[in-house]
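Single-structure report; data block below.
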Amino acid sequence: MKSQCALAFLWLASFCHGTLSCPELCKCYHRRAEVVCNEVSLTAYPSEGLPKNTTMVTIQFTNITSISEQHLNATPQLQGLHMYNNHLQSLPTDFLRGVPHLNTLDLTENKLSDLPAGVFSHAPLLSLVLKNNQIEKADPEWLPDNSSITWLDLSGNLLTKITVALLQKLPHLENLDLSNNRMEKISANSLHSLTKLERLNLQDNKLITLDVSTFQSTRNLTYLFLSRNKLNELPQNLFEELTQLRALSLEDNQLRHVPTGLLDPLNSLDEEGLDLSANPWLCDGKVEYLWRWLQKNKKKVFLPETIICASPRSLVGRSVMSLTETELNLQS
């Protein structure tokens with residue numbers, strides 16, 4: 001009986017001292033040290049009442065417009081901060097200084113544009129998500145040298161390029177998402193420092209071509225997404241080093257031919273791992289390499305019957321797979 005009373009007293013004491021407190025309009029899950037503020041009328045970061053031992057904060061669909069170092073000082077043990085679909089317009093340089101354990105920062109769907117130098121330098125981030133903001137330039141000065149980040153998502157912004165200087169600060173990067181931006185070119189040596197990169201998403205940009213050395217150093221790449229660009233030609237040895245590649249999407253570009261040997265290094269493709277659909281294939285003699293490769297590797301292609309001839313007129317609408325040697329003017 002005495003032990004039960006003692007436990008009750010300790011619980012009451014901890015409650016009175018705030019360890020079981022919770023900000024108004026939020027839910028606190030004390031056993032897993034998590035706070036969630038979801039679709040509520042918050043206009044300011046709810047630092048008052050946050051349990052000091054909180055390791056995870058999720059704030060989404062609110063009217064919060066700013067965040068500061070003082071706000072985050074309330075939770076010195078914080079490891080993950082997810083602020084999805086709020087109204088953040090800017091970030092102060094030192095806002096992460098008081099959270100030395102923070103490894104995940106997700107600021108998806110805010111109104112961020114210009115960010116100050118050093119803004120992500122004060123926490124050991126592994127995952128940084130800036131998806132669907134209004135960022136026009138990814139500044140190398142955001143990050144420290146030899147950043148620990150392994151996952152960087154800059155998709156859905158207004159980027160026209162990604163600089164070598166930024167990527168050189170990310171030697172541990174495994175996932176890079178630059179999809180849904182306005183990029184027209186990837187410079188020849190941009191990716192050379194990303195030797196640990198496994199996933200690269202460049203889809204939904206305006207890329208016209210790629211330099212033959214683009215993927216020369218990314219030999220660990222397993223997923224490469226290039227769909228919905230304006231690619232009209234690819235260098236013969238573009239994929240030469242990508243012997244670990246499991247999935248490659250090239251659909252919805254402007255490809256009429258692929259050069260002989262382009263697909264030969266891709267022995268590790270998963271079943272249905274290659275997508276070449278929605279390109280304007282010219283089914284003349286130059287399509288022979290693709291035609292022969294498809295015959296041998298049909299199982300590696302996603303919906304091979306959707307690889308359709310756009311010309312000449314006599315073959316419009318035919319799948320490349322279905323063509324005969326006679327139609328291609330090939331000798332047996």
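The values are calculated or read from the model by the stated rules, or taken from the named source; none is laboratory data. Since this is a predicted model, take the numbers as computed values, not measurements. Positions of Cβ are generated from backbone atoms using ideal geometry, with glycine treated the same way; all protein chains shown enter the neighbour counts. Heads up: the accessible areas ignore ligands, DNA and RNA and are worked out on the full protein's heavy atoms, side chains in. Shrake-Rupley method; radii C 1.70, N 1.55, O 1.52, S 1.80 Å.
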Taking 0.36 nm per intervening residue step and subtracting the Cα-Cα distance, what contour gain separates N38 from T326 on full extension? 97.3 nm
Report, in debye and to the nearest 20, how large the dipole of the chain comes out about its Cα centre when Lys and Arg carry +1 and Asp and Glu carry -1 on their Cβ. 400
Angle between the chain longest axis and helix 2-16 axis [Cα atoms, degrees, rounded to 10]: 70
Ratio of the range 155-203's C-alpha Rg to 2.2 N^0.38 Å, to two decimals? 1.07
Using Cα pairs closer than 8 Å and at least 6 residues apart in sequence, work out the relative contact order for the range 230-332, in percent. 24
Sequence-separation-based contact order of the range 201-255, relative, with Cα cut under 8 Å and 6+ spacing, percent: 43
Can you compute the equivalent ellipsoid semi-axes for the range 193-271, i.e. the square root of 5 times each eigenvalue of the Cα gyration tensor, sorted largest first and rounded to whole Å? 18, 14, 12
Roughly how many nanometres apart are two label points built 7 Å out from the Cα toward the Cβ at V164 and D139? 2.2
Relative contact order of the chain: what whole-number percent is it, with Cα pairs under 8 angstrom and at least 6 residues apart? 7
Evaluate E = 1/(1 + (r/R0)^6) for E24 and K296, where r is the Cβ-Cβ distance and R0 equals 51 Å; express this FRET efficiency to the nearest 0.05. 0.20
Sorted largest first, extent of the chain alpha carbons per principal axis (Å): 94, 47, 33
Between Y289 and N85, Cβ-based FRET efficiency (R0 41 Å, step 0.05) works out to 0.30
Length gained, V212-D114, 0.36 nm per residue minus C-alpha separation, equals 32.0 nm
Rolling a 1.4 angstrom probe over the protein heavy atoms, how many square angstrom per residue are accessible across the range 141-232? 41
